[in-house]
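I have placed the structure first, in the form of C-alpha cells, so that the comments after it can refer back to it.
The values are calculated or read from the model by the stated rules, or taken from the named source; none is laboratory data. This structure is a prediction, so every number in the text was calculated from the model and none was measured. As a convention, Cβ positions derive from the backbone with ideal geometry for all residues, glycine included, and neighbour counts pool all protein chains shown. What goes into the accessible areas is simple: the full protein's heavy atoms, side chains included, and nothing from ligands, DNA or RNA. Shrake-Rupley method; radii C 1.70, N 1.55, O 1.52, S 1.80 Å.
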Amino acid sequence: MTSWTAKIPGRDIWRVGLVEAPIAEVARRGFSLDAPVHWLAEEGHLKFLADPFGVWREGRLHLFVEAYDYRTRHGVIEWLELDANFAPIRRSVVLREPWHLSYPQVFEADGETWMLPEAYKSGALTLYRAAAFPDVWEPVARLELDTPAIDATPFHHEGLWWLAYSPTGPQRWKQGRLHFAFAERLTGPWRLHAGNPVRDDLSSSRPGGTAWVEDGLPVLPMQDCTRTYGGGIRQLKILTLDAERFEAEASAPLGPAPGAGSYSQGLHTLSACGPVTLFDVKRIDRSLWAPRGR
C-alpha cells in the first residue's frame with residue numbers, strides 16, 4: 001500500500017462468520033480451538049452484513065444481521081435461515097425503519113422472542129416482539145434511559161434484567177463508556193445505575209455481543225476501540241454488580257479468526273447461539289471512488 005493510499009479515509013467492510021463451539025469455549029481458548037469455522041459470502045460492492053445474532057428453530061439456525069449499503073448509509077435488519085451445513089437457504093429484510101438500524105439483539109424470554117436493535121438516531125431504544133417469527137416484529141416498549149442506547153445488551157442477573165450500553169455523544173463516549181440500567185421486567189420501568197458511566201476505557205467499554213455466565217458471574221464481550229472502531233473483542237467479567245456498585249476485569253483481546261484473510265482489521269461481535277458462536281470481522285476499504293462512510 002502506498003503512503004498516499006494509506007491516508008485515504010477508510011470504510012469498514014464487515015463479514016460474518018460462525019464457529020462450531022459455544023461462546024464460553026471460544027472466549028476461553030480463542031479461535032485456535034479445533035472447531036470448524038464457516039463464512040457467509042461477501043456482499044456486493046460497498047455493502048456488508050454485520051452484528052450477527054441468532055436463534056434455533058426446529059434444528060435450523062436463524063440469523064439476524066445488520067445489512068448496510070454505503071450508497072444509502074442506512075442499515076436495515078435482515079434474516080437468514082441456514083441449512084444443516086450452515087449455508088443460507090432463505091433471506092429477507094425483516095425490519096426497516098426511517099432511521100438506521102443495527103445490532104439486532106435477538107433473544108428468547110418469558111415465552112416470547114424479542115429483538116432489541118440499536119436505533120440511537122431515532123432518539124430512543126425500542127423493544128420489539130416477534131408477532132410472527134421470523135419476519136413480523138412489533139414494537140412493544142420504548143425503554144426510557146439516560147441516553148439513546150448504543151449496542152444495548154440485555155442479560156439476567158440475580159433476579160433482575162440488566163442492560164449494558166454505551167451513550168450517545170462524542171465519538172470517545174460512544175466507543176469508550178459503559179452504562180448500566182436494571183429492571184424487574186424487560187418492558188421496564190428501567191432504573192439507572194448510580195455510577196453511570198461505570199467504565200471509561202476505549203479497550204473494553206462498548207458492548208459487542210451476547211452475555212454468558214461463567215463461574216456464576218456474567219461475562220460481556222466488549223469492543224476494543226483503542227486502535228480502530230471495533231478493532232477487537234475482550235471479555236469483561238463482572239465481579240460485582242448491583243444498583244450502586246460495579247467491579248469488573250477485562251481479558252486480553254481474542255486472536256484473529258482462521259480464514260479471515262483480508263478481514264483481519266477488526267472483530268466487534270461475539271454472539272452466543274447454543275452450540276455455535278457468531279462473529280464478524282472487518283477489512284478497511286480505501287477505494288478512491290467510494291462515497292464517504294458513516
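Here are the numbers:
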item: Residue count, region 255-276 (criterion: open to solvent by 30 Å² or more (accessible area, probe 1.4 Å) and in contact with a helix residue (DSSP H, G or I) (Cβ under 8 Å, 6 or more places away or on another chain)); result: 4
item: The one condition in (1) over 21 Å from the mean Cα position of the chain (by Cα); (2) open to solvent by 30 Å² or more (accessible area, probe 1.4 Å) that residue 28 fails to fulfil; result: (1)
item: Condition broken by residue 156, with the remaining ones in (1) over 16 Å from residue 105 (Cβ atoms); (2) surrounded by fewer than 18 Cβ atoms within 10 Å (Cβ to Cβ) satisfied; result: (1)
item: Residue match in region 85-106 (condition: more than 19 Å from residue 14 (Cα to Cα), of a type in the set (A, V, I, L, M, F, W, C) and in contact (Cβ under 8 Å) with a residue 60 or more places away in the chain); result: no
item: Any hit, region 121-137, residues being hydroxyl-bearing (Ser, Thr, Tyr) and touching a residue at least 40 places away in the same chain (Cβ under 8 Å); result: no
item: Residue match in region 144-151 (condition: over 14 Å from residue 205 (Cβ atoms), buried (at least 18 other Cβ atoms within 10 Å of the Cβ) and not hydroxyl-bearing (Ser, Thr, Tyr)); result: yes
item: Residue in region 55-77 that is surrounded by the most Cβ atoms within 10 Å (Cβ to Cβ), counting only those that are free of Cβ contacts under 8 Å to residues at least 24 places away in the same chain and either touching a Leu at 6+ places or on another chain (Cβ under 6 Å) or of a type in the set (Asp, Glu) (or both); result: 69
item: Residue within region 234-245 that is free of Cβ contacts under 8 Å to residues at least 12 places away in the same chain, in contact with a strand residue (DSSP E or B) (Cβ under 7 Å, 6 or more places away or on another chain) and open to solvent by 10 Å² or more (accessible area, probe 1.4 Å) present; result: yes
item: Count of region 189-228 residues which are closer than 23 Å to residue 53 by Cβ and surrounded by fewer than 18 Cβ atoms within 10 Å (Cβ to Cβ); result: 4
item: Meets criteria (touching a residue at least 60 places away in the same chain (Cβ under 8 Å), touching a strand residue (DSSP E or B) at 6+ places or on another chain (Cβ under 8 Å) and closer than 24 Å to residue 230 by Cβ) for residue 52; result: yes
item: Given (1) without any contact (Cβ under 8 Å) to a residue 60 or more places away in the chain; (2) open to solvent by less than 20 Å² (accessible area, probe 1.4 Å); (3) out of contact with any strand residue (DSSP E or B) (no Cβ under 7 Å at 6 or more places or on another chain); (4) hydrophobic (A, V, I, L, M, F, W, C), number of the condition residue 115 does not satisfy; result: (3)
item: Residue in region 57-67 that is touching a Ser or Thr at 6+ places or on another chain (Cβ under 6 Å) and within 24 Å of residue 119 (Cα to Cα) present; result: yes
